[in-house]
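Asker: Here it is, the structure in full.
What follows is calculated from the coordinates using simple rules that are stated; it is not laboratory data. Predicted model, so just to flag it, every value in this text is computed and none were measured. Neighbour counts run over all protein chains shown; Cβ positions are idealised from the backbone, glycine included.
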Amino acid sequence: MRESGAERRGFPGGLRAQLLLVLCLLITIAVALGSGAVMIPQRADLAPQAARQLLATYIALEMLVVLLLGYGFFTFLVVRPIRALGVASQRAAKGDLASPIKYLPRNEFGTVSRQFNTMLEELGKNREKLEQRLKELDQANRQLHEAQDSLIRSEKLASVGQLAAGVAHEVGNPLAAISGYLEILSDEDLAPEIRRDILKRSQQNVDRIRDTVGNLLNYSREESNASVEAVDLSACVDEAIHLVQAQPKAQNTAIDTALPAALVAVRAVSSEVVQVLVNLLLNAIDALNHANTDRPAQITLSADTSDPDAIILRVEDNGPGIPPEKLQRVFDPFFTTKDPGEGTGLGLAICLRLMRRVDGDIHLESTPGEGTVFSLVFTRFEMID
């Protein structure tokens, strides 16, 4: 930024010297005018009364002239620079840093004005640097979100692969049954009522395959534009359980639900809720399968609605629990208690990320030898303005 105004020559010296010079000039003018007032009473052609009136008029005119000259000099030396500084300050306060003070007298006001222009120039440079840094920060923030979304998708694809391996078993049994039914239907002497029963059973197995594959496709579907909405937790729980129960390793685990009949909608993304639940259920099943205990493996999903602002969904298992020294690290990226090659260590970290970006949270409680409880805290949708 360059100063657009040229420096005014004005009177030499500082403000005090200029005011002193103005005062001397005013005194000189007053003395010059006063000498004429002294000559008035000495005029013989004027009556005493007329002379007094003329003297009073002359003195009044003399005071007026001195006052006007003093006002003009004071305005030029003091008021005008202050006014220019005030206008520039108002513009700067509104964000206009490209309007420096153009009136630069050769006194202290000029020095202040030049310093003010220098300050505006520095502020302008700093604002440009700040805007550039904000752009860089915004770009870095977008890249971070893209990286996090990519990581979430990668973990979801890993879960899809794990689920797909189990779907083969869930689909294979109905297909074998349908194949057997078709072989029976090839008998032309089959009674009509038996034929209808076989067709009904075949349709049921087809529906079972369709539901299994449909659930897997819905789970793997990419929802890049998914937004926060009112989510039915009961539906998400049912979908997650159907996906998990298709896994062979889940055959020996009982998954029970104890949800209220009318569960209030929560603020979340349905596909992400299912992703979190699938991850927690698979982790619980893995822990139960490795537990050295005689009690039946069981997972229970329940909900706490006592909080007026939140719904707490609990996923509880009766597995071996988590050792205290590992309890504080389970949400750390790449930390896993599974054997090498069985887990990435990103599942719980991503679950926590998914919950927190919809203003939720995850709490963990675990007692070695008794089990583990994950509590998913959701904000009630009806509490959002």
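Asker: About its Cα centre, how strong a charge dipole does region 227-385 have in debye, to the nearest 20, once Lys and Arg get +1 and Asp and Glu get -1 at the Cβ?
Answerer: Numbers: 11 positive and 23 negative charges, 76 e Å.
For region 227-385, the charge dipole is close to 360 debye.
Asker: Looking at region 240-333, which trypsin sites (Lys or Arg not before Pro) are DSSP coil and have at most 13 other C-beta atoms within 10 Å of their C-beta? Intermediate values should be presented prior to the final figure.
Answerer: Details: sites: Lys249, Arg267, Arg314, Lys326, Arg329; in loops: Arg329.
The qualifying sites are Arg329.
Asker: Run through region 75-128 and list the trypsin sites (Lys or Arg not before Pro) located in a DSSP loop whose Cβ has at most 10 other Cβ atoms within 10 Å. The partial results should precede the final answer.
Answerer: Details: sites: Arg83, Arg91, Lys94, Lys102, Arg106, Arg114, Lys125, Arg127; in loops: Lys94, Lys102, Arg106.
Listed in order of number, the matching sites are Lys94.
Asker: Rounded to the nearest 0.05, what FRET efficiency do Ala98 and Thr28 give with R0 = 51 Å and r taken as the Cβ-Cβ distance? Could you check? Working shown, then result.
Answerer: Details: r = 45 Å, r/R0 = 0.87.
Result of the calculation: an efficiency of 0.70.
Asker: What FRET efficiency do you get for Val78 and Leu130 if R0 is 30 Å and r is their Cβ-Cβ distance, rounded to the nearest 0.05?
Answerer: Numbers: r = 36 Å, r/R0 = 1.21.
Calculated value: 0.25.
Asker: At 7 Å along the Cα-to-beta-carbon direction for both Val206 and Leu85, put a label point, then send me their distance in nm to one decimal.
Answerer: 9.1
Asker: Set the Förster radius R0 to 35 Å, insert the Cβ-Cβ distance between Ser179 and Ala254 as r into 1/(1 + (r/R0)^6), and round the FRET efficiency to 0.05.
Answerer: Computed FRET efficiency for Ser179 and Ala254 comes out at 0.70.
Asker: Then there's this: Give the order of Met355, Met119 when sorted by the count of other beta carbons within 10 angstrom, beginning with the fewest. Walk me through the intermediate numbers first.
Answerer: Details: Met355 19, Met119 13.
Going from sparsest to densest Cβ surroundings: Met119, Met355.
Asker: Sort Asp189, Asp96, Asp286 so that the residue with the fewest other Cβ atoms within 10 Å of its own Cβ comes first and the one with the most comes last.
Answerer: Numbers: Asp189 4, Asp96 12, Asp286 18.
The fewest-first ordering by Cβ neighbours comes to Asp189, Asp96, Asp286.
Asker: Between Ser375 and Ile194, 0.36 nm times their residue separation minus their Cα-Cα distance comes to what? If you can, show how the numbers build up before the last one.
Answerer: Details: separation 181, 0.36 × 181 = 65.16 nm, distance 5.02 nm.
Length difference between fully extended and current span is 60.1 nm.
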